[in-house]
Amino acid sequence: MKKLMIGNEAVARGLYEGGVEVVSSYPGTPSTEITEFISKYDDVYSEWAPNEKVAAEVAFGASLAGARSACAMKHVGLNVAADPLFTLSYTGVGGGLVVCVADDPAMHSSQNEQDSRHYAIAAKVPMLEPADSAECLAFAREALLLSESFDTPVLLRLTTRIAHSQSIVELGERVMRDRPEYKRNGEKYIMMPGNAKKRHPIVEARTEALARLAETSDLNRVEMGGTACGVITSGACYQYVKEALGDSVSVLKLGMVHPLPTDLIRSFAASVGRVVVIEELDGVIESHCEHIGVKVDGKNLFTPIGEYSQASIAAVFGIEEKKHLVVENAIPVRPPMMCAGCPHRGLFYSLVKNGVTVLGDIGCYTLGAQPPLSAIDSTLCMGASVSGLHGFRVADKSDRKTACVIGDSTFMHSGITGLVNVAYNGSASTVIILDNSITGMTGHQQNPTTGFNIKGDPAGKVDLEALCRAIGIRRVRVVDPYDLAEVDLAIREETAVDEPSVIISRRPCILLKSVKPKPALSISKELCRGCKKCLSLGCPAISYKGKRAHVNDTLCVGCGICESLCPFDAISKGE
């Protein structure tokens, strides 16, 4: 049977058909849907883990028991999982183990643009890179076999375009293997120095064997066309090359991007007059070509920044761009913003009002950095707001008010240890946990604070107040971010005390199905003085027309924050 699938769904299907039994992940765009689709298969155990390191370790444990396993994450998540990954390269696997990683060229939803191929090289593990949904399915299935054949974890790399674009796949049957009986093997799996020293030569020999495989594997293929120029490429870039250049060039399409072949590249280069490497982000393939003595053009023609396209590749080759419809007038820019009724808005308004320096974190609340609120001073990585705030407080000798904001899911991911550090070392840090009862930015996934698992069934629920007190924080208070007076008082009091404190700003995300919006508010034309104080909230439901504020009743959810701000009582509740 054939089906139209996005790349992430096809990866999930490939893992399913390949007999995967355990999948543990942390949601991260553009990788999230891999695990969401896996969760639909009832004969696969799936879960949301607190973070990517835990997910990779769960996959290792399942593999150790002999089950085929996988974990999925975005590129920055691989940073978190790097610790187990590098040692997994030494231990090898029991059952096949696949680490799915989705890179984000152009940073559509990420704080950096790193290239995960470097992890494959540094960790000395193979990496496959599909170029469409059909290959996503096939490569996921092949990765499990490769993992067991070469006793190694396998990285499966996608990019945003491959993860979220659709193409036709051919569905197959689920194939299960007989799970081997578990046997203790300390020399293989206990990575103390004496054992690790013995495993390192095995890793090097494995890499050489995989490099030999890369020379003949069907994962890499040559498509001969015009011989004046040959292109070496992989992933999404292969699709751009084929559409922009067609058969005017010959193509070496690489599906295994580490280790890279040597003889195959040399023979391909000898068959064409000129070789151009087309790869997004870093010149990984290009560097390998230069290392093996093959002269190529690459980053001297193409940028190491952002995504490529058919048009950008055609332009480099001097090909006239195909005619297409264009919009004559410039389209107004619509920056991302917090939703109407977002529970974080009132909290940010109070932080700005009180002149608080705010260290931010990763989540939809990062949008609090946007005007008109402009409430956040820094955003680094998951959990860094708490640790960074401690460092800021230790170093800053002024009487500046400071705090950090971190979501409930991000706090569980990597904020807890930062708060332990705050409590242990006793800095006067005010940590604000934005508890909107869900993992918001990646599409409403459950987390350990929600009380539900990946399938929506009741699950263990972390009590944030009890957890913070158990860590050693004596001052813990919960506020409703819709109550500006309560929030304002909490911020003023907690930023003034000379000890650690936690404010939990608790109200569910307005987009949750369980949250029912209230009737839209209305603004009296007679009472409104056009002071624009309500506009300072940055709510997309409020605009300014004819020197008066106006509420868009199709967007307003009746949260009432603007009503409490209006000095002229011009805003009232709807019927």
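The values are calculated or read from the model by the stated rules, or taken from the named source; none is laboratory data. Computed from a predicted structure; not experimentally measured. So basically every Cβ, Gly included, is an ideal-geometry build from the backbone, and we count neighbours across all protein chains shown.
Observations, loosely collected:
- One residue stands out among those in the stretch 200-250 that are of a type in the set (A, V, I, L, M, F, W, C) and closer than 17 Å to Y308 by Cα: the one that is nearest to the chain's Cα centre (by Cα), which is A236.
- Contacts under 8 angstrom Cβ, first residue in the stretch 109-130 being closer than 12 Å to L78 by Cβ, partner in a loop (DSSP other than H, G, I, E, B) and of a type in the set (K, R), 6 or more apart: none
- Selection status of D282, touching a His at 6+ places or on another chain (Cβ under 8 Å), surrounded by fewer than 20 Cβ atoms within 10 Å (Cβ to Cβ) and not assigned by TED's automatic domain parsing to the domain that holds R206: yes
- The set of residues in the stretch 312-363 that are part of a loop (DSSP other than H, G, I, E, B), within 23 Å of I438 (Cα to Cα) and not small (G, A, S) comprises P336, M337, M338, C339, C342, P343, D361, I362.
- Sole residue being within 34 Å of the chain's Cα centre (by Cα), within 22 Å of I406 (Cβ to Cβ), among the small types (G, A, S) and at pLDDT 90 or above, chosen from S501, S543, S536, S514: S501
- In the stretch 35-77, of all residues being assigned to a helix (DSSP H, G or I) and among the small types (G, A, S), the one that is surrounded by the fewest Cβ atoms within 10 Å (Cβ to Cβ) corresponds to G61.
- Those helices (runs of 4 or more DSSP H) of the stretch 177-263 in which 1 or more residues are among the hydrophobic types (A, V, I, L, M, F, W, C) and either out of contact with any Leu (no Cβ under 7 Å at 6 or more places or on another chain) or outside the structural domain of M127 (by TED's automatic domain parsing) (or both) occupy 193-216, 235-245.
One line per residue, one yes/no per condition, for (1) over 21 Å from S387 (Cα atoms); (2) within 28 Å of the chain's Cα centre (by Cα); (3) surrounded by 16 or more Cβ atoms within 10 Å (Cβ to Cβ):
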residue: P458; (1), (2), (3): yes, yes, no
residue: D483; (1), (2), (3): yes, no, yes
residue: E493; (1), (2), (3): yes, no, no
residue: A520; (1), (2), (3): yes, no, yes
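- As for the stretch 78-90, it holds at least one residue that is modelled with pLDDT of 95 or more, acidic (D, E) and not in a loop (DSSP other than H, G, I, E, B).
- Only listed residue being modelled with pLDDT under 95, under 19 Å from G95 (Cβ atoms) and in contact with a helix residue (DSSP H, G or I) (Cβ under 9 Å, 6 or more places away or on another chain), chosen from R199, R177: R177
- Exclusive hit being touching a strand residue (DSSP E or B) at 6+ places or on another chain (Cβ under 8 Å), modelled with pLDDT of 95 or more, among the acidic types (D, E) and surrounded by 23 or more Cβ atoms within 10 Å (Cβ to Cβ), set E135, E170, E129: E129
- Some residue of the stretch 335-358 being closer than 21 Å to L512 by Cβ and surrounded by fewer than 16 Cβ atoms within 10 Å (Cβ to Cβ): yes
- Applying the condition of being buried (at least 22 other Cβ atoms within 10 Å of the Cβ) and out of contact with any helix residue (DSSP H, G or I) (no Cβ under 6 Å at 6 or more places or on another chain) to the stretch 364-384 and asking which residue is modelled with the lowest pLDDT yields L367.
- One residue from G283, G306 being of a type outside the set (A, V, I, L, M, F, W, C) and touching a residue at least 40 places away in the same chain (Cβ under 8 Å): G306
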